[in-house]
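Colleague: Take this structure, written in structure tokens, and hold onto it; I'll ask about it next.
No lab work stands behind these numbers, since they all come straight from the coordinates. Note that the structure is predicted; figures quoted are calculated from it, not measured. Neighbour counts run over all protein chains shown; Cβ positions are idealised from the backbone, glycine included.
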Amino acid sequence: MKYLTKTTFDTRYVAFELFLEKPKRPKERKLITNRIVAKEDIENVLKAIRQAEHNNEIDHNQSLQFTALALFGAYTGQRSYSTIKRLTVGQFKEALRNESPVLRVQSDQDKIRVEHYCPLHPRVAEKIVPLLDGRVNNEPMFAHLAFERWAKFKKIQLTRSNFRFVLGDLRKFAEQWGDVIGWNESNRAYILTHGVRGVEWTHYRHLLPEFVYDVYMKNWNDVCFVQ
């Protein structure tokens, strides 16, 4: 009709557009995610790692690696492939030199390319330290691929939903448990890099590492997992 209007210089064709519009679909109501990751699920992963070492399915170094990765992911909620997989030994060495240890995540290590600080919970730092000795700075910190393959092989069932554990559930736990402990919304958005693209974040907010750590620890300090 638009074409005929232009070629014939007759605007009457435009009136027929009304009858050519597609009917609008009713919007589907989106449900809250049914993938629930509870504290018990993280504890089950840690217990499975310990049991796998006991059964000689993995060696001691792998057990340390998997435990450190699981705790880091659960406590910080960093994205598995975009961030955790790309973090280096040197970044953790630098972070642990400070009294309030925060990891500086580079923009190319974040899905939405936002450089940010990520606090290291004392229980995470405790598991990271033994993994730093004798390793070069540019080496990947975590055995990400090995842990991913092991988790798929073990098929660890989540307790509150009909799913099996995958690495992405570590981030889901941090987000969901954050609601339980009342995690500060601004601090959470910054660390998880959720909704931080607006003018408010790009032009006005500038968070200092020690304050990021202090606010984070107010909520997460007492959170611990039975291993």
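Colleague: Can you tell me the 0 to 90 degree angle between the C-alpha axis of helix 209-220 and the longest principal axis of the chain, rounded to 10?
Modeller: 80 degrees
Colleague: Mind pulling the angle between the C-alpha long axis of helix 168-181 and the longest principal axis of the chain? Nearest 10 degrees, somewhere in 0 to 90.
Modeller: Rounded to the nearest ten degrees, it is 90.
Colleague: I've got another one for you. Relative to the longest principal Cα axis of the chain, at what angle does helix 144-154 sit, 0 to 90 degrees, rounded to 10?
Modeller: The angle comes out at about 90 degrees.
Colleague: From the helices alone, meaning DSSP H stretches of at least four residues, give me the mean residue ellipticity at 222 nm for the chain, per-run term -39500 (n - 2.57), in deg cm²/dmol to the nearest 500.
Modeller: Counting only the DSSP helices, I get -13000 deg cm²/dmol.
Colleague: Another question, if that's okay. Tell me which of VAL45, MET1, ALA143 sits at the most positive position along the dipole axis of the chain, charges placed on C-beta atoms (Lys, Arg +1; Asp, Glu -1).
Modeller: It is MET1, whose Cα lies furthest towards the positive end.
Colleague: Set the bar at 30 Å for Cα to Cα. Now go through LYS155/LYS218; LYS93/LYS155; LYS22/LYS172; LYS39/LYS218 and name every pair that lies beyond it.
Modeller: The answer is LYS155/LYS218; LYS93/LYS155; LYS22/LYS172.
Colleague: Further question on the same structure: Taking H placed 1.01 Å from N in the peptide plane, check which residues at least 5 places from ILE156 or on another chain put their amide H under 5 Å from its amide H.
Modeller: PHE165
Colleague: Quick check on the chain: take the gyration tensor over C-alpha atoms, sort the square-rooted eigenvalues as a ≥ b ≥ c, and tell me if it's rounded (a/c under 1.5), prolate or oblate.
Modeller: It comes out prolate by the Cα gyration axes.
Colleague: Ordered by packing density, taken as the mean number of other Cβ atoms within 10 Å over each peptide's residues, highest first, how do 1-7, 170-176, 104-110, 122-128 rank?
Modeller: Put in order of decreasing packing, that is 170-176, 122-128, 104-110, 1-7.
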